[in-house]
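The values are calculated or read from the model by the stated rules, or taken from the named source; none is laboratory data. Treat the numbers as computed from the prediction; the structure is a model and nothing was measured. Cβ placement follows ideal geometry from the backbone for every residue including glycine, while neighbour counts extend to all protein chains displayed.
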Amino acid sequence: MKLPSLNIAQFTAPFPLIQGGMSIRVSTSALAVPVANCGGIGVIGGSGLPPEELKQDILKAKGETDGVIAVNIMYAMKNFYNLVMSSIEAGVDMIITGAGFSRDIFKIGREHKTPVVMIVSSPALAKLAEKLGAAAVIVEAKEAGGHLGTDRPLREIFPPIREVVKNIPLIAAGGITNGYEMAEMMDQYGADGIQIASRFVLSKECDVSDNFKQVYLNAKKEDIVMTSSPVGMPGRAIDTPFLQDLKAGKNVKAKKCEFVCLKKCDHHYCISERLIQARDGNVEEGLVFSGENTYKMKDILSVAEIFAQFKSQAESVYKEGRGFSPIA
């Protein structure tokens, strides 16, 4: 059975898939545009970028596709509001945010007619987000890569959140690697769509270094570990030499804070510096964020091939979802 479209505020994604917004130039317009062209929601990772650079990349994306382009900005960023306003000025379709909770963002969204999508990991925050005006909620569980707000699995936390979020779309995120799991979350759990990130790192269009992609391809289950982050949240990453040094208690602090990027930072290492190093190919000294199930993925495909694979697999088993249905 054909999967339904994903309707968020005034925007419709023909295929109910959001590409996760991976920061520090992992998710740029180079990835977001082909995702949008395939009918999903393409997301530019805005955290850690200068506002003007983010603005220009959104403008580039908007000029290259008629599909839906969003931006993901962590609330933990010191220049959160500057990044939000730069995104709105560039004409971004929607803002996705997490790693903290902002009430003011909903007011800004209303003022500028820009939908806000909140990433949460609990029923309480999901209910609050809907009450404050979120256009949709993404439920992100422990299987996700990067910063995590829970240690509980997706199939455990999704049902109680589905019970309290009634009037806006609810999207499942964390550890989804194929279309069969997509159909499961939509058919059996009532998700209105899914968000995936790690699968898109292993796409031809993702413009991280080949070394970064090779770490993904070589990863075994036991190589994907939990670590601490200067953001103040746990994070999931691949066990590179840098993480091994961190775990061993070695001094991995930066000599000087070049970025001053976080509202609150415990400074046990510079996260921006380490993410940039990994993105550019220095995977020995860099931080390589990764979803829990990255080890299951063993090929690099084009974005179009990833969509075709998910569509074929999902629609071969999908029956009928029980999620949110907008009133005509």
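The table that follows gives values for the structure above.
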{"quantity": "Residue match in segment 133-153 (condition: more than 19 Å from the chain's Cα centre (by Cα), assigned to a helix (DSSP H, G or I) and not basic (Lys, Arg))", "calculated": "no"}
{"quantity": "Any helices (runs of 4 or more DSSP H) falling wholly within segment 17-108 and containing at least 2 residues that are acidic (Asp, Glu) and more than 13 Å from Ile119 (Cβ to Cβ)", "calculated": "51-64"}
{"quantity": "Residue check for Ala129: closer than 30 Å to Ser272 by Cα, not assigned by TED's automatic domain parsing to the domain that holds Tyr216 and not β-branched (Val, Ile, Thr)", "calculated": "yes"}
{"quantity": "Residues (modelled with pLDDT of 95 or more and part of a loop (DSSP other than H, G, I, E, B)) located in segment 1-16", "calculated": "Leu3, Pro4, Ser5, Ala9, Gln10, Pro14, Phe15, Pro16"}
{"quantity": "Residue under evaluation Ser86, criteria (1) surrounded by fewer than 23 Cβ atoms within 10 Å (Cβ to Cβ); (2) over 19 Å from the mean Cα position of the chain (by Cα), criterion not met", "calculated": "(1)"}
{"quantity": "Cβ-Cβ under 7 Å pairs, at least 6 apart or on other chains, segment 93-111 side closer than 20 Å to Gly232 by Cβ, far side part of a helix (DSSP H, G or I)", "calculated": "Thr97/Ile105; Phe101/Leu125; Arg103/Leu132; Ile105/Val84"}
{"quantity": "Residues of segment 290-306 classified as in a loop (DSSP other than H, G, I, E, B) and within 28 Å of Ala248 (Cα to Cα), total", "calculated": "4"}
{"quantity": "Residue that is nearest to Val33 (Cα to Cα) [pool: residues in segment 190-232 that are among the β-branched types (Val, Ile, Thr) and over 17 Å from the mean Cα position of the chain (by Cα)]", "calculated": "Val215"}
{"quantity": "Segment 22-47, subset surrounded by fewer than 23 Cβ atoms within 10 Å (Cβ to Cβ) and out of contact with any strand residue (DSSP E or B) (no Cβ under 7 Å at 6 or more places or on another chain), residue nearest to Lys213 (Cα to Cα)", "calculated": "Arg25"}
{"quantity": "Qualifying residue in segment 78-89 (condition: touching a residue at least 60 places away in the same chain (Cβ under 8 Å) and not aromatic (Phe, Trp, Tyr))", "calculated": "yes"}
